[in-house]
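Read-outs throughout are calculated quantities, based only on the coordinates presented, and are distinct from any laboratory measurement. Small disclaimer: the values here were computed from a predicted structure and weren't measured. Positions of Cβ are backbone-derived with ideal geometry, glycine not excepted, and every protein chain shown enters the neighbour counts.
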Amino acid sequence: MHDIAGQSQQKIHKQKILHPATSICALEADGPRKIASAKGIHVTDADGHTVIDGIAGLWCAGVGHGRTEIADAMRQAAIDLDYFHTFGGHTNQAQELLAEELIAMAPDGLSHVFFGCSGSDANDTLVKIAWQYNTMRGKPEKRKVISRWQAYHGTSISTASLTGLKGFHRAFSLPLDFAKHTDFPHFYSQATDGENEAAFTARLLHRLEQLIVEEGADTVAAFIGEPIMGAGGVVTPPKGYWQGVQEICRRHDILLIADEVVCGYGRTGHNFGSDLYSIKPDMMATAKGLTAGIFPMSAAFISEEIHNVMRTASKELGGFSHGYTYSGHPVGAAVALKVLEIMKREKLVENAKATGAYFHDQLRAAFNGHPHVGEIRGAGLVAAIQLMADAPSKTFLDSARKLAAKISEECYRRGLVIRPLPTMNSLALSPPLTVSRDDIDTIIDIAKAGIDSVMGTEA
Ligand code: PMP
C-alpha cells in the first residue's frame, strides 16, 4: 500500500488528480498541500501545522468547522432517507422545510426556489429560466446576459462565459456569444484622473445603457452581478451603482440576477448582499454558506412573476425540463436546516455585522499610511487588502511578480490562510462568521507581518 504522507502520496496525486484552477506544472514542482482536519476557525494540514482558516474554506464555512450537531443531523438524515430524487413532483420533508425558511428570509419578491449542487449550476439554472421566461412571453430572441469584467459566476460553459476573468476564457475559446461584459466597477483602480465617485458611477451606468442599446434591448435577457464581487477582488460597488443598474434593467425589461454565492447567508453582516445594497433581484443564486460547505448544495430563487409565466407555460410545454439527480437532496437539506438553526441561535449574522465593523476598523488602522497597501475593501466579514508597488504615488504592482501568492505562503507559515487574488494583487479574508475580536486581532497581526516580511524584501 502507498504511504499516505510524503513522496509516494505526492506521486499518486500528480498522476491522478486534476485540481481546480491549478497550474499542472506548478503543482508538479511544489506538490499538493493536504488538509487533514478542521475545528472551529482552524484547519490542520497533514504535517500537523494548524492555522486560522481566514477564508472559511472557500467563503463557505460560516458556522465554522467540525460541528458535531451538524454531523449528527447528517447521520440521522441519512438513516431516515438517504436519497430519493425530486423529479416529477417527488419531495422530502427536509427540502420542504428548507424552502419555507429560505423564502421567508430571501429579499422581497423572491417566491420560489430550485435546489442544485453548486454555485455554477445555480447561475446556469437562472440563465435557463431567464431564457424560458422570455420564450414563454413570446420574446425568444431576448437571450443575452450582461455581466462585468472581473466577475466570477462559475466554470460551467455558460457561467465561465459570464465570469469576467480572462484566465477562465482563454483555453476554452469562451465566452459564448450570449455573454456580454460591461465595466469592472472598482473606483480605486478604474476611475480616470480627477474623476470623483459620483462621476465614475454615472460613467459606468451610461456605458451599461449604451451596451444595451447597441446590442438591442430586445436581445438582452438579464444582468448578473455579485453584490460585492468576490474572486475578482472583493470589490464593493461605488455609491449609487446598484440603484442605477436596477433602474436601467427595469427600463429595458431586463431581469436582474443577484449572484449571492459569496455574499449570501450573513457574510456581509446582512442575510444577503442584496439587503446591504437595497437590491430587489428578480432571481438570486446562493450556495457555499447555505450548507457551510459541508454538503454540495445550491439554492436558486425566482420571483412570483417569473414563476407565473413558467406556470402558465407549463400547460403548453409540459413542464420545467431541467434538474439534477441531487436536486433537493434530503441529506443536504438537513445540513442546511441545521446550519440556519445554528446561525439564528448564535446570532451569526449579527456577529458578522458587529465583528465585521471591528474587522474593517482594525484593518484600516493597521494599514493606514502603509507604503504597500492602497485600499481596504469589503463589508461585514469579507475584506480585501490592495497591495501596491507604492501606495502614496498609486503605483500598481506587476501581477507577474506574484507577490500576493508569496504573502499568502508567508502567512500560512505564520498561522493564517489568506487568499491571494492574483489578477488584482489583492489578499482576501472571509473568516468563519463565528470569529471573535481576539481572533480578528490575531488574523490582522499575521496578515500584516506576512505583508511586511515579503514586501520589505521584495518591493
Ligand atoms: N458565483 C460566485 C460569486 C462564486 O464566488 C462562485 C465560486 N467561488 C460561484 C458562483 C461558483 O460556485 P461553484 O464553484 O460552487 O460552482
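Rank the residues 455, 297 as a footprinting-exposure proxy: fewest other Cβ atoms within 10 Å of their Cβ go first.
Ascending number of Cβ neighbours within 10 Å: 455, 297.
Calculate the translational D of the range 177-297 in whole µm² s⁻¹ from Stokes-Einstein, where the hydrodynamic radius comes from the Kirkwood formula applied to all Cα pairs, the temperature is 4 °C and the viscosity 1.567 mPa s.
Roughly 85 µm²/s, to the nearest whole number.
Can you tell me the order of 78-87, 35-44, 140-149 when each peptide is scored by its average per-residue count of other Cβ atoms within 10 angstrom, highest first?
In decreasing order of mean packing, 78-87, 35-44, 140-149 become 140-149, 35-44, 78-87.
With just the Cα atoms defining each centre, how far is the range 225-239 from the range 291-364? Give it in Å.
20
For residue 239 and residue 395, what does the FRET efficiency come to when R0 = 22 Å and r is the distance between their Cβ atoms, rounded to the nearest 0.05?
0.25
First select every other residue whose beta carbon is under 12 angstrom from the beta carbon of residue 126; then total the charges, Lys and Arg +1, Asp and Glu -1.
Here the charged neighbours net out to -4.
Given a Förster distance of 45 Å, report the FRET efficiency between residue 317 and residue 197 from their Cβ-Cβ distance, rounded to the nearest 0.05.
0.45
Arrange the following residues from fewest to most other Cβ atoms within 10 Å of their Cβ: 219, 68, 163.
68, 219, 163
Dipole of the chain (Lys/Arg Cβ +1, Asp/Glu Cβ -1, origin at the Cα centre): which of 427, 38, 454 lies farthest to the positive side?
Toward the positive end, the furthest listed residue is 454.
Based on the mean of other Cβ atoms within 10 Å per residue, sort peptides 103-116, 387-400 so the most packed one is first.
Averaged packing, sorted descending, gives the order 103-116, 387-400.
For the peptides 165-172, 20-27, 70-77, what is the packing order when you average, over each peptide's residues, the other Cβ atoms within 10 Å and list the highest mean first?
My ranking of the peptides, most packed first, is 70-77, 165-172, 20-27.
Specify the inter-centroid distance of the range 372-440 and the range 124-166, based on alpha-carbon positions, in whole Å.
Result: 30 Å between the Cα centres.
Output needed for the chain: three equivalent-ellipsoid semi-axes, defined as square roots of 5 times the C-alpha gyration tensor eigenvalues, in descending order, whole Å.
After scaling each eigenvalue by five and taking roots: 34, 29, 21 Å.
Mind checking the dipole of the chain: about its Cα centre, +1 per Lys or Arg Cβ, -1 per Asp or Glu Cβ, Debye to the nearest 20?
Charge dipole, the chain, about its Cα centre: 520 debye, nearest 20.
Kirkwood Rh and Cα-based Rg: tell me the resulting Rg over Rh for the range 233-291, rounded to two decimals.
On the Cα set of the range 233-291, Rg over Rh gives 0.98.
Using just the helices of the chain, give the 222 nm mean residue ellipticity in deg cm²/dmol: DSSP H runs with n ≥ 4 each add -39,500 (n - 2.57), and the total is spread over all residues, rounded to 500.
Calculated from helices alone, the mean residue ellipticity at 222 nm is -13000 deg cm²/dmol.
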